[in-house]
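The values are calculated or read from the model by the stated rules, or taken from the named source; none is laboratory data. Given the structure is predicted, the values throughout are model-derived calculations rather than measurements. Glycine gets a Cβ as well: all are built from the backbone with ideal geometry, and neighbour counts include every protein chain shown. Note: accessible area is taken over every heavy atom of the protein model, side chains too, but ligands, DNA and RNA are not part of it. Shrake-Rupley method; radii C 1.70, N 1.55, O 1.52, S 1.80 Å.
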Amino acid sequence: MRSDPTLKAPLTINWAINNNCNFLCRHCYSRSDTTEELSGEVLCAAMKRVAATGVLSVNFGGGEPLLRRDLLAIASCAAGCGMRVSMNSNGYLIDGEKAVALKNAGFSKVGISIDSHEALVHDRFRGVAGSHERAVNALGRLREAGIKTSISTVICTFNHEQIDNLIEFALANKVSQLNFHNFKCSGLGLANKDELDLTPVQWQEFYRKALRAKEQVKELDISLDDPIIASLGLKSGSSLVKGSVCGKLSLNIKSNGDITPCGFIPVVIGNIIRDDLKEIWDNSPVLERLRHKTPTGKCASCSDYGECLGGCSARALAMTGDFNSPDPHCWIP
Amino acid sequence: MSKIYRNPDVMWREEDESREQANAALEKGENAEDIGTSLLFSDGMMVTLNVLGTEIWKMCDGREVDEIVAELLTQFDVEADVLKNDVAGFLEELAEKGFIHYEE
C-alpha cells in the first residue's frame, strides 16, 4: 500500500554525552575514545536544532551517562524539545531516588546492560564486583518510578548458550524488552575479539535458537538487531529497513559533537555544533555509500543479499577496511 | 460507539518531501496511494502511511469512526461506503499492531 517515504531526518540519535565510566567492560567500544565533552548549555542548544529537523528520539550513552552531573538537565532539555528520551546505563548509580528524578527529567525508557543471569559472570565481564546486584536493583527502581526498562545483553563466548536463562531472567525482572546485541569489533571489542567473539557457525546456531525463542515467548519483546539474520527467514515487518539501520534511520553523535553513522563506525561525517544535520543527512557521501552498498566477495552471488545487504557495515569495516565487504559473522559459505 | 486514540508510545512524523510529491500527484489527478507520506515508529516497528492513512491517523484523537469518515468525505472524493470500509480495515490493522486503542 505504501512506499517508504524519503526520510527528512534520522528517526533517532544515539548520543554519547560523555566518555568516562565507572566500569571496565572488556568489550567497551568507547573506552579508547578520549574526546572532549560538550557543556550542558551547548548540548541543549544542539538538541533543539536536532529536534527542529524532525528527530523523534534521543538515546543517551557514553561512557556511563549517569556520571554526568547535568544529565537530568540535559534530559529535560531533550524532552522539552519534544523528543523521546532514553539511555543505556550500567545501572550502578540508580537507586529509588535517582529513578524518580530520571522519570521527572523526562526519561521514558532506560536500558540496563546485563550480560549474564549469573552475578559472578556479569561482574567479571564488567570488571566491578556487585555490579549485577545493582543492575537488577536499578531495573526494579526504574519500573517503580514508571520508566520502561529493557535489558541489553552483548552476546559473546560466555553467554551465547544461555538464551533460555537470559529470557527467564528478563521475565523475572519484568522488563519490556530484551535486546540481544551482536558483538561489535570496535574499541576493546576488537582488541579482545579472539576471546569474546563467536565463530560464524556459532552465530548461526545462536540466532536460530534466539529466533525460535522470540517466536515462542510472547510475554517479552526479544530484539535481535543483526541484519545477517535475514538469511534465517526473519523477513517480517518487524525489520525496520533492510541491512544495517545506521545512516538510514539513525545517526550517532560523539561526546565532542562529531557525527558518525553509528557508534561502531569511526568515520566522522560532520559535527553537530558547526554543521547542519539536515545537510549531512541529505548529502553525506559516506551515508550515501552506506545506503547503497555494493556487494563484494561472496555477497555478489548470494541470494540473501537483497535482504541483509551484506550484514553489519561496522563489522565489515572494522575487519576489512571496507563496509561493502561481507559481514565477518556471516555463516553462508 | 468507541472512541479511537493513538497509542502515546508511538512516535510519528510527516515527511515533507513525500507529502509534496503526493500532493502534486493528487493535483494532477494521479494516484498517490503508493506514496508514503508519514511514518509511525514504536519499539522497533515502523509503519509508513499514505496521504489518506496519515489523515486518518491524525484524527485518532478520541473521535469515533463515523466522525473520521464524515471528515474525510469533505477532503477526498470517494464513495462513502467504500471509504467507510477502507477506514475500518485500516484502523483494524493499526489496532492489531497496538498503534491505536479504543475506549467506550
Legend entry - the stretch A:198-333: radius of gyration over Cα atoms, expressed as a fraction of 2.2 N^0.38 Å: 1.12
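Could you please state how large a percent of the accessible area of the stretch A:141-275 is carbon and sulfur, counting protein chains only and using a 1.4 Å probe? Write out the running numbers ahead of the final one.
On the way: 2700 of 5600 Å².
Here it works out to 48 percent.
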Inset, instruction - Quick one: among A:Asn20, A:Asn182, A:Asn165, which has the greatest mean-square fluctuation in a GNM of chain A with alpha-carbon springs under 10 angstrom? - result: A:Asn165
Inset, instruction - Straight distance only, please: which lysines reach the Cα of A:Lys248 with their own Cα at less than 16 Å, same-chain residues fewer than 8 apart left out? - result: A:Lys8, A:Lys278, A:Lys293
Legend entry - Kirkwood Rh (inverse of mean 1/r, distinct Cα pairs), the protein assembly as shown, angstrom: 22.9
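Please list B:42-54, A:216-228 highest first by mean number of surrounding beta-carbon atoms within 10 Å per residue. Walk me through the numbers on the way to the answer.
Values: B:42-54: 20.1, A:216-228: 17.8.
Ranking the peptides B:42-54, A:216-228 by packing returns B:42-54, A:216-228.
Determine the dipole magnitude for chain B: charges of +1 sit on the beta-carbon of Lys and Arg, -1 on that of Asp and Glu, nothing else is charged, the reference point is the Cα centre, and the result goes in debye to the nearest 20.
Values: 9 positive and 26 negative charges, 46 e Å.
Using only the charged Cβ atoms, the result is roughly 220 debye.
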Inset, instruction - For chain B, just say rounded, prolate or oblate: build the C-alpha gyration tensor, square-root its eigenvalues into a ≥ b ≥ c, call rounded for a/c under 1.5, and beyond that prolate if a/b exceeds b/c, oblate if not. - result: oblate
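Assuming 0.36 nm per residue, please report the length gained on full extension of the stretch A:Glu219 to A:Glu168 beyond their Cα-Cα distance. Before the final figure, lay out the partial values.
Details: separation 51, 0.36 × 51 = 18.36 nm, distance 1.08 nm.
Working it through step by step, the gained length comes to 17.3 nm.
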Inset, instruction - Compute, for A:Val201, the solvent-accessible surface of its heavy atoms (probe 1.4 Å) with the complete set of protein chains present, and express it in square angstrom to the nearest 10. - result: 100
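Please compute, for peptide B:18-25, the average count of beta-carbon atoms on other protein chains lying within 10 Å of each residue's beta-carbon.
The mean count of partner-chain Cβ atoms within 10 Å per residue comes to 2.
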Inset, instruction - Taking the dipole about the Cα centre of the protein assembly as shown, with the C-beta of Lys and Arg at +1 and of Asp and Glu at -1, give me whichever of A:Leu290, B:Thr48, A:Met319 is farthest to the positive side. - result: A:Met319
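With contacts defined as alpha carbon pairs under 8 Å and 6 or more residues apart, what's the relative contact order of the stretch A:169-281 in percent?
Values: 93 pairs, mean separation 23.0, N = 113.
Relative CO of the stretch A:169-281 lands at 20 percent.
Quick check for you: with a 1.4 Å probe and neighbouring chains kept, what is the accessible area per residue of the stretch B:3-103, in Å²? Intermediate values should be presented prior to the final figure.
Numbers: 5100 Å² over 101 residues.
With the other protein chains kept in place, the stretch B:3-103 gives 51 Å² per residue.
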Legend entry - Mean separation of Cα contacts under 8 Å (6+ apart) over length of the stretch B:3-103, as relative contact order %: 34
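Express the relative contact order of chain A as a whole percentage, based on alpha carbon pairs under 8 Å and six or more residues apart in sequence. Show your work: numbers first, answer last.
Numbers: 627 pairs, mean separation 60.8, N = 333.
Computed over chain A, the figure is 18 percent.
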Legend entry - Cα pair distances in the stretch A:8-68, grouped into 5 Å bins until the bin that holds the longest one, percent each: 4, 17, 24, 22, 16, 11, 5, 1
Inset, instruction - For the stretch A:1-145, just say rounded, prolate or oblate: build the C-alpha gyration tensor, square-root its eigenvalues into a ≥ b ≥ c, call rounded for a/c under 1.5, and beyond that prolate if a/b exceeds b/c, oblate if not. - result: prolate
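Of A:Lys98/A:Lys174; A:Lys214/A:Lys242; A:Lys214/A:Lys254, which sit over 21 Å apart, Cα to Cα? All intermediate terms of the calculation are to be shown ahead of the outcome.
Numbers: A:Lys98/A:Lys174 19 Å; A:Lys214/A:Lys242 19 Å; A:Lys214/A:Lys254 32 Å.
Beyond 21 Å: A:Lys214/A:Lys254.
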Legend entry - Interface B:A - total buried accessible surface [probe 1.4 Å, Å², rounded to 100]: 2200
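Can you count the Lys pairs in the stretch B:3-103 with C-alpha separation below 24 Å, eight or more apart or on different chains?
Total qualifying Lys-Lys pairs in the stretch B:3-103 comes to 6.
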Legend entry - Residues A:Val201 and A:Ala73, FRET efficiency given R0 of 56 Å [Cβ-Cβ distance, rounded to 0.05]: 0.70
Inset, instruction - Evaluate peptide B:35-41: per residue, the Cβ atoms of other protein chains within 10 Å of its Cβ; return the mean as an integer. - result: 4
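Over all residues in B:42-48, what is the mean tally of Cβ atoms on other chains that come within 10 Å of each residue's Cβ? Walk me through the numbers before you get to the answer.
Details: counts 1, 8, 10, 6, 9, 2, 5.
That works out to 6 on average.
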Legend entry - Beta bridges by DSSP in the protein assembly as shown, antiparallel share as percent, to the nearest 5: 35
Inset, instruction - Starting from the Cα of A:Lys193, draw a straight line to each of the aspartates and glutamates and keep only those under 20 Å, dropping any in the same chain fewer than 8 residues away. - result: A:Asp33, A:Asp115, A:Asp123, A:Glu161, A:Glu205, A:Asp225, A:Asp226, A:Asp322, A:Asp327
